[in-house]
Structure formats: structure tokens, C-alpha cells
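First comes the structure, then the notes that go with it.
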Amino acid sequence: MSYQIKKAIIPAAGFGTRFLPATKAMPKEMIPIIDKPVIQYIVEEIVDAGIEDILIITGRGKRAIEDHFDQSFELNYNLKKKGKENLLKELRHIEKLANIHYIRQKEILGLGHAVLQAKTFVGDEPFAVLYGDDLVKSKTSCIGQICELYEQYQTSIMAVSPVPKAETKKYGIIKGKKDKGVYFVEDIIEKPNPDKAPSNLASIGRLVLEPEIFSILEKTPPGINNEIQLPDAMRVHNQIKSYVATEINGTWHTTGDPLNYLMTTVEYALDRPDLKHDFIKYLRSLDI
Ligand code: UTP
């Protein structure tokens, strides 16, 4: 498989305020789901889609992300000396995953501003965006599914997932017309009240965007929370060239707040052959 999309970006510079104090000195994207940091699952999803050039947008206090994907000479040496070949293999796998580039978002002015930092890296081609705290558990790479749709529609693609109507206020909700299994996006409404929401389809952190988004982002004023919001720019872009939205084949998990993080951990643990059996036994033993 070789898609037109050759580059992916992961915004990972945010403060992670919903996860304080854990995120005071540790990037939220490095919090593990079982034994692997969230951002590694995301990099693996990108690599599974055949994309090898990845830009991670980092900021102050995010050095652990770079260290994670770098070679740790002493650790490798130590594991080799102790004959821990399997662990060594796993670490080598991480080092060689992809060509990972980094840029710093010097001021944390919002997701839209983070994406804008990728302008030079991306150049004049469509690119994939994966939020650093969103996971999608699926048989085939979620971003791969979206890249495939880009081949077909040649316009920006959004992944969406149904949410309970009462929760529309937490997400960007699309208004769209369904045709041949996808939605032609008419509007993107940021965090609408349930009675104002045109659907229950929430935009999730998997997108393919066309480079025209950058000139729009440059003109986008701060929105909700006084941050430069990516959905505000997407909304303008969608009016110029309609986006296509697709319900993903897989399950979406947000990890950026304690409750969703816990639920994600449980679901991933129930899917791990080496842990599943004992974990279920433990859950069943709980008096709840
Ligand atoms: P979130 O809004 O979920 O992250 O952005 P946050 O701002 O860190 O979270 P809270 O609200 O303070 O708890 C989704 C992704 O975009 C990145 C985040 O790191 C996260 O991975 N992001 C967000 C940036 O890179 N820069 C920003 O200015 C904002």
C-alpha cells in the first residue's frame, strides 16, 4: 500500500491541564496505556499506514517524547549484558519506527496554532493529523483508512464517531449529508448544546488536511478559551472546499482526562492476551 499522503503530524505540546498533577513534569502523551506510552501507539498507527515522515509538535517539558524515540545506549548495553533479548528487541523496534522530526510550539496558543508550526515541514501537499492524546483501536490503521478515502475524494477528510447526544457540548459536531457511506460536510459546529447539535457525530483526532489550511490558520483569531482553534479554521476551509467525513472502523478512545484514561486502559488490557485472563479474574473478584 502506498498512499498519496506521505507526512503526518502529531500535536503534542498542550499543557494537559485535565490530567494535572501527573502532567506537571511529564507529557500527557507519554502516559502509558499498560506498558506503552499513548504517543507510541499513535506513531505505530501512522507507520502501519505506510507513512514514514512524522513531525511531532512539542514544547517545554516534553523532552521525554524525544528521548522515548531515541536510542538509549546505556539501557541497550545493560539489557544485552543481562541477556534480556526480548526487551532489547522491543527498544530497537521503537528506535527504528520512522523518521521522526520535532518542532517546538514556543507559546501554547491552541491546537490550530500547533498545526501551523508544521507549515514548512508539510509544504504543498496533503498531510495527516493525529492528536497526541486520541487513540483508535482498529484492525486496520485508522489513519490508513482516512488516507485511502483521500485517494478517492481528493479533499480534506475528517474521522467522526457517534457520541451520546447529551455529550455534544464536549466536541466538534458535524452537519453533513450521507451518501455512499460517507458524509459530505456542510458545517462543523464547535461544542454545541444537545438541542442545537445538528447530529451526534463528533470529530475525532484523525484527519487528512490539504495545505490551504495553513493560510486560513494564519488568519484565524483566538476562539474558545482564547486559543487558536483548529476546528474554526476547518470550518472556513470547508466553506471553500467541502470536507468528507467518515465513521471509523474501530473504537475511539480519548486519554486526556482521568476517567477516559481509565476506561481506555481497561479496554486495552482486556485485549492483551498476556494479561486478559488474570485481569478478568481480578475484575470479577471486585465487590462492586
Ligand atoms: P487537547 O486540548 O486535548 O490538549 O489537545 P491539552 O490542551 O493539552 O488538554 P487540556 O485541555 O489542557 O487538558 C489535543 C492535542 O493537541 C495538543 C495536545 O498536546 C494534545 O495532544 N496541543 C493542544 C498542542 O500541541 N498545542 C496546543 O496549543 C494545544
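The values are calculated or read from the model by the stated rules, or taken from the named source; none is laboratory data. What you see is a predicted model, and the numbers here were worked out from it, not measured in a lab. Positions of Cβ are backbone-derived with ideal geometry, glycine not excepted, and every protein chain shown enters the neighbour counts. Side chains are part of the model used for accessible areas, which takes the heavy atoms of the whole protein and leaves out ligands, DNA and RNA. Shrake-Rupley method; radii C 1.70, N 1.55, O 1.52, S 1.80 Å.
Calculated on the alpha-carbon coordinates, the convex hull of the range 41-130 measures out at 104 cubic angstrom per residue. Quick note on the range 177-288: its Rg to Rh ratio, both from C-alpha atoms and Rh being the Kirkwood radius, is 1.10. Going by alpha carbons, how many degrees (0 to 90, nearest 10) lie between the helix axis of 230-240 and the longest principal axis of the chain? It is inclined by approximately 40 degrees.
Roughly how large, in nm² to one decimal, is the mean projection of the convex hull of the alpha-carbon atoms in the chain? Spell out each step's value before the answer.
Working: hull surface 68.4 nm².
Quarter of the Cα hull surface area: 17.1 nm².
Loop-located trypsin sites (Lys or Arg not before Pro) in the range 70-140 (DSSP state other than H, G, I, E, B) with a sparse environment of at most 14 neighbouring Cβ atoms within 10 Å: 82, 84, 96, 106, 139. Less than 12 Å Cβ to Cβ from residue 214, Lys/Arg counted +1 and Asp/Glu -1: what total charge do the surrounding residues give? Within the 12 Å Cβ shell, the charges total -3.
Running Debye on the range 17-63 with equal point scatterers at the Cα sites and no solvent, what base-10 log of I(q)/I(0) appears at q = 0.28, 0.30, 0.31 Å⁻¹? With no solvent term, the Cα-only Debye profile gives -1.08, -1.13, -1.15.
Output the Kirkwood hydrodynamic radius of the range 102-157, Cα pairs only, in Å rounded to one decimal. Spell out each step's value before the answer.
Details: mean 1/r = 0.0755 Å⁻¹.
Evaluated over the range 102-157, this radius sits at 13.2 Å.
When ligands, DNA and RNA are left out and all protein chains stay put, how many square angstrom of accessible area per residue does the chain have with a 1.4 Å probe? Working shown, then result.
On the way: 15210 Å² over 288 residues.
Value returned for the chain: 53 Å² of accessible area per residue.
Along its first, second and third principal axes, ordered by size, the range 108-266 spans 40, 37, 31 Å in Cα coordinates. Sites listed here are GluC sites (Glu not before Pro) in the range 202-268 whose DSSP assignment is loop and whose Cβ has at most 16 other Cβ atoms within 10 Å: 212. Using only the alpha-carbon atoms, how far is helix 38-48 inclined from the longest principal axis of the chain? Give it as 0 to 90 degrees, nearest 10. Tilt relative to the chain: about 70 degrees. With contacts taken as Cα pairs under 8 Å at a separation of at least 6 residues, the range 116-244 carries a relative contact order of 33 percent.
Quick one: helix 142-153 against the long Cα principal axis of the chain, what's the angle to the nearest 10°, folded into 0 to 90? Rounded to the nearest ten degrees, it is 30.
Stokes-Einstein D for the range 15-171 at 37 °C, 0.692 mPa s, Kirkwood Rh over Cα pairs, in µm²/s?
Details: Rh = 17.6 Å.
D, rounded to a whole number, is 186 µm²/s.
Of all trypsin sites (Lys or Arg not before Pro) in the range 145-232, which ones are in loop regions per DSSP and have a Cβ with at most 13 other Cβ atoms within 10 Å? Those that pass, being in a loop and sparsely packed, are 180. Structural descriptor for the range 204-288: relative contact order 15 percent, calculated from alpha carbon pairs under 8 angstrom and at least 6 residues apart.
Its relative contact order, with pairs defined as Cα atoms under 8 Å and 6+ residues apart, puts the chain at 22 percent.
Of 178/241; 119/175; 119/241; 6/96; 137/276, which sit over 22 Å apart, Cα to Cα?
Values: 178/241 17 Å; 119/175 28 Å; 119/241 19 Å; 6/96 17 Å; 137/276 16 Å.
Distance filter (> 22 Å) returns 119/175.
Surface composition of the range 86-201: carbon and sulfur atoms hold 51% of the protein heavy-atom accessible area at a 1.4 Å probe. Taking the Cα of residue 108, stepping 7 Å toward and past its beta carbon, and measuring to each backbone N in the range 7-34: which are under 13 Å? Hits in the range 7-34 for residue 108 at 13 Å: 12-30.
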